[in-house]
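The values are calculated or read from the model by the stated rules, or taken from the named source; none is laboratory data. Predicted model only: the values in this text are computed from it and were never measured. Positions of Cβ are generated from backbone atoms using ideal geometry, with glycine treated the same way; all protein chains shown enter the neighbour counts. All accessible areas refer to the heavy atoms of the entire protein, side chains included, with ligands and DNA or RNA removed. Shrake-Rupley method; radii C 1.70, N 1.55, O 1.52, S 1.80 Å.
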Amino acid sequence: MSNGILVFIEHRDGRFNKTSFEAVAAAQNLGRELQQSVAAVLLGSGVGNLAEMLAGYEVAKVVYAENEKLKEYTPDGYTDAMERVVRQLDPQYVVMPHTYLVRDYAPKLAARFKKGLISDCIRMKVTDGNVRFTRRIFLGKMDADVVSEGEPPTFVTFQSGAYRADQAAKGAGAQVETLQVEVGDVRMRPEAPFQEVKQAVDLTKADVIVAVGRGIKSKENIALAEKLAEVLGGDLAASRPICDAEWLPIDRQIGSSGQTVAPKLYIALGISGAIQHLVGMKNSGTIVAINKDAEAPIFDIADYGIVGDLFEAVPVLTEEIRKLKA
Amino acid sequence: MKIIVMMKQVANKDAILRVNKASTWIEEADLSWEVNESDGYALEESLRLKEKHGGEVIVCSMGPQRVKGVIKDALARGADRAIHVVVDDLNQFSPYASASVLAEAVRNEQPDLIMTGLQSDDYGYAQTGVIMAEILGLPHATIVIEIDASAEKLRVKRELESGWYQWYTMPRPALLTIQSGISQIRYATLKGIMAAKKKEIKEIMPSGEAATLQPHQRIERIYLPEKQKQTQFLGNGDAKAGAVALAEKLRNEARVI
């Protein structure tokens, strides 16, 4: 009978992806609630040292699935390897971080078991051995409680930040089980990852950020936000649609595909607050949102909100701050 | 090159959402609809590939009759013909079931390329395309932001996290999920709208094992998110008054200016 929780560990260039430990924290949590053991799985080639490091966490064991074809990530290679590990361990839950890499291969893995993922969860609750997972839907406007049905395993991914990496418990030293895993044909050939022209703007060090979203309506209107940033001595930033439209360069983009920031003050102008944006700024000190839609998800994490026309509010705000600073 | 674009119709971004009586989904009557954002980019990229390399673009959408709105718009923008998988209630399909229905709907077309958006703006599962690829036995790449189809093998640029990118090469046929913003989307012209009226829209019903699959996950309840912070709303509807109050709060309460 299926039992236990298997947690997937992501790494690149000899380093763990930090969200892997958020997944470990989630898996340990689930394990405690269900009184089941947690095993961690690492795929790769020549990364035995990472497996040893993992063994320092409170897990029943570390499975290190090795194959030359796993040296670089490919969806074909990872799916084959993980499928074999999952079939061998027969867990009840497979827990993964909702990273771009997991998004790329995990649906393919789940499909091998004729199911999908309960993806991008933000929390879970266990009652009488039944697990209820919560995910954001409608770009963050609603939450949905989801239950798994049918045969195990249940594949679950957790959103970045849903659990804290520093809450992954350390242990007395787990055993590492190295598995020479079979991998079939790998059809895709990856080239080396690279960064586009070196980021000219480093927003991660900014104390104050004024960010604009769709609500700014035109490139010309960005001048309004620029003036506000100027009186605050802050930097100008944007959500993805603004950079896609090339109203601001891409090195000013905040969010999962741009920069992750945590300034003392973050002012969001006309940003509705899609998850992809929120993960890039939710740890800011004081968050201000100005938006015409009272139900915009940005207000869920804002300390101060103005529901209304940003074209009315921003010039007044700029002027008031200028006076206060004079 | 024969390209199939999967397009979903979703609730309009600005629509006010109401939870239905059973709290299992939103009230769909009177809702305004639009094409899922990244699917619009998948269509645009498909049309550009066709313009460059020749061939045919087929749009495929699943849902009740209302999804003809998305289909007709895609035909007006330049798609050649369409497949409409008619189902009354999309909510009964889990990610695997909908991917599996869609895979059977396009299998016999034997496309060179299947394109989807990277995720839907309603469920946000981000899985349908990848599961389809697995069912059809195709290689795939997700979160694609550039496509080079000039050689025999496809070369695609994928977005990784935090400003990193990576190129992948893979054989055709293949399935790609497209990131929003890959190119500027064209508008339908009047000529396009007129031409679309003569284009074929084939209606089919779900078939194969997919149509009878048991769901592997179920939504128990939906609700407005619990707030993570107690937001102080300022101005009470008066944006200017709110701005004056905000400046004062930032100075004296938050002490950030």
- Task: Being open to solvent by 10 Å² or more (accessible area, probe 1.4 Å) and more than 16 Å from A:L34 (Cβ to Cβ) is the filter; apply it to the stretch A:135-157 and report the residue that is modelled with the lowest pLDDT.
- Result: A:G150
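Can you name the residue in the stretch B:152-164 that is farther than 15 Å from A:T99 by Cβ and open to solvent by 10 Å² or more (accessible area, probe 1.4 Å) and, of all such residues, is farthest from the chain's Cα centre (by Cα)? Break it down into steps so the answer makes sense when it comes.
At the first step, the residues of the stretch B:152-164 found to be farther than 15 Å from A:T99 by Cβ are B:152-157.
Next, only the ones that are open to solvent by 10 Å² or more (accessible area, probe 1.4 Å) stay: B:152-153, B:155, B:157.
Numbers: B:E152: 28, B:K153: 26, B:R155: 22, B:K157: 19 Å.
Only one residue tops the list, namely B:E152.
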- Residues within the stretch A:245-255 that are closer than 19 Å to B:S162 by Cα, open to solvent by 20 Å² or more (accessible area, probe 1.4 Å) and within 10 Å of chain B (Cβ to nearest Cβ), tallied: 3
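For B:A133, state whether it is at pLDDT 95 or above, among the aliphatic types (A, V, I, L, M), over 27 Å from B:G192 (Cα atoms) and within 17 Å of the chain's Cα centre (by Cα).
On the way: at pLDDT 95 or above: yes; among the aliphatic types (A, V, I, L, M): yes; over 27 Å from B:G192 (Cα atoms): yes; within 17 Å of the chain's Cα centre (by Cα): yes.
Criteria met by B:A133.
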- Query: So which residues in the stretch A:197-244 are more than 15 Å from A:G280 (Cβ to Cβ), open to solvent by 40 Å² or more (accessible area, probe 1.4 Å) and within 11 Å of another protein chain (Cβ to nearest Cβ), if there are any at all?
  - Reply: A:V197, A:K198, A:D207, A:R214, A:G233
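Being assigned to a strand (DSSP E or B), touching a residue at least 24 places away in the same chain (Cβ under 8 Å) and of a type in the set (S, T, Y) is the filter here, so list the residues in the stretch B:124-174 that pass it.
If we filter the stretch B:124-174 for residues that are assigned to a strand (DSSP E or B), which is where we start, we get B:140-148, B:154-159, B:164-170, B:174.
If we keep only those that are touching a residue at least 24 places away in the same chain (Cβ under 8 Å) too, we end up with B:140-147, B:154, B:168, B:170, B:174.
Within the stretch B:124-174, B:T142, B:Y168 qualify.
Taking A:E295, is it modelled with pLDDT of 95 or more and either part of a loop (DSSP other than H, G, I, E, B) or open to solvent by 60 Å² or more (accessible area, probe 1.4 Å) (or both)?
On the way: modelled with pLDDT of 95 or more: no; either part of a loop (DSSP other than H, G, I, E, B) or open to solvent by 60 Å² or more (accessible area, probe 1.4 Å) (or both): yes.
So A:E295 does not fit the description; no.
To keep it simple, each residue is scored yes or no on (1) among the hydrophobic types (A, V, I, L, M, F, W, C); (2) free of Cβ contacts under 8 Å to residues at least 24 places away in the same chain; (3) within 7 Å of chain B (Cβ to nearest Cβ).
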| position | (1), (2), (3) |
| --- | --- |
| A:A289 | yes, yes, no |
| A:K292 | no, no, no |
| A:D300 | no, no, yes |
| A:Y304 | no, yes, yes |
| A:V307 | yes, yes, yes |
| A:A313 | yes, yes, yes |
| A:V316 | yes, yes, yes |
| A:I321 | yes, no, yes |
| A:A326 | yes, yes, no |
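On the given criteria, is A:D90 in contact (Cβ under 8 Å) with a residue 12 or more places away in the chain, more than 23 Å from A:Y78 (Cβ to Cβ), surrounded by fewer than 23 Cβ atoms within 10 Å (Cβ to Cβ) and acidic (D, E)? Can you show your working first?
Numbers: in contact (Cβ under 8 Å) with a residue 12 or more places away in the chain: yes; more than 23 Å from A:Y78 (Cβ to Cβ): no; surrounded by fewer than 23 Cβ atoms within 10 Å (Cβ to Cβ): yes; acidic (D, E): yes.
For A:D90, the condition - in contact (Cβ under 8 Å) with a residue 12 or more places away in the chain, more than 23 Å from A:Y78 (Cβ to Cβ), surrounded by fewer than 23 Cβ atoms within 10 Å (Cβ to Cβ) and acidic (D, E) - is not met.
Which of the residues that make up the stretch A:135-170 are of a type in the set (V, I, T), out of contact with any His (no Cβ under 9 Å at 6 or more places or on another chain) and more than 7 Å from every other protein chain (Cβ to nearest Cβ)? Quick ask: steps written out before the conclusion?
Within the stretch A:135-170, the first condition is being of a type in the set (V, I, T), and the residues that meet it are A:137, A:146-147, A:154, A:156-157.
The next check asks that each one be out of contact with any His (no Cβ under 9 Å at 6 or more places or on another chain); those that pass are A:137, A:146-147, A:156.
Residue satisfying the conditions is A:V156 alone.
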- Note on the structure: Residue count, the stretch A:95-134, condition under 21 Å from A:A39 (Cα atoms), within 7 Å of chain B (Cβ to nearest Cβ) and hydroxyl-bearing (S, T, Y), comes to 2
- Query: Got at least one residue in the stretch B:171-179 being modelled with pLDDT of 95 or more and within 7 Å of chain A (Cβ to nearest Cβ)?
  - Reply: yes
- Message: When you scan the stretch B:218-239, do you find a residue that is modelled with pLDDT of 90 or more, crowded, with 19+ Cβ neighbours inside 10 Å, under 29 Å from A:V102 (Cα atoms) and under 22 Å from the mean Cα position of the chain (by Cα), even just one?
- Response: yes
- Task: Tell me the strands (runs of 3 or more DSSP E) entirely within the stretch A:2-113 that contain at least 1 residues that are of a type outside the set (D, E), out of contact with any Cys (no Cβ under 6 Å at 6 or more places or on another chain) and farther than 27 Å from A:S256 by Cβ.
- Result: A:38-44, A:61-66
- Does A:G173 satisfy being part of a loop (DSSP other than H, G, I, E, B) and within 7 Å of another protein chain (Cβ to nearest Cβ)? no
- Item | Residue pairs meeting the criteria (Cβ under 6 Å; at least 6 apart or on separate chains; first outside any helix (DSSP H, G or I), in the stretch B:207-228; second open to solvent by less than 60 Å² (accessible area, probe 1.4 Å) and of a type in the set (G, A, S)) | B:L213/B:A97; B:P215/B:S94; B:H216/B:S94; B:Q217/A:S148; B:Q217/B:S94; B:I219/A:A144; B:R221/B:S23; B:I222/A:A144
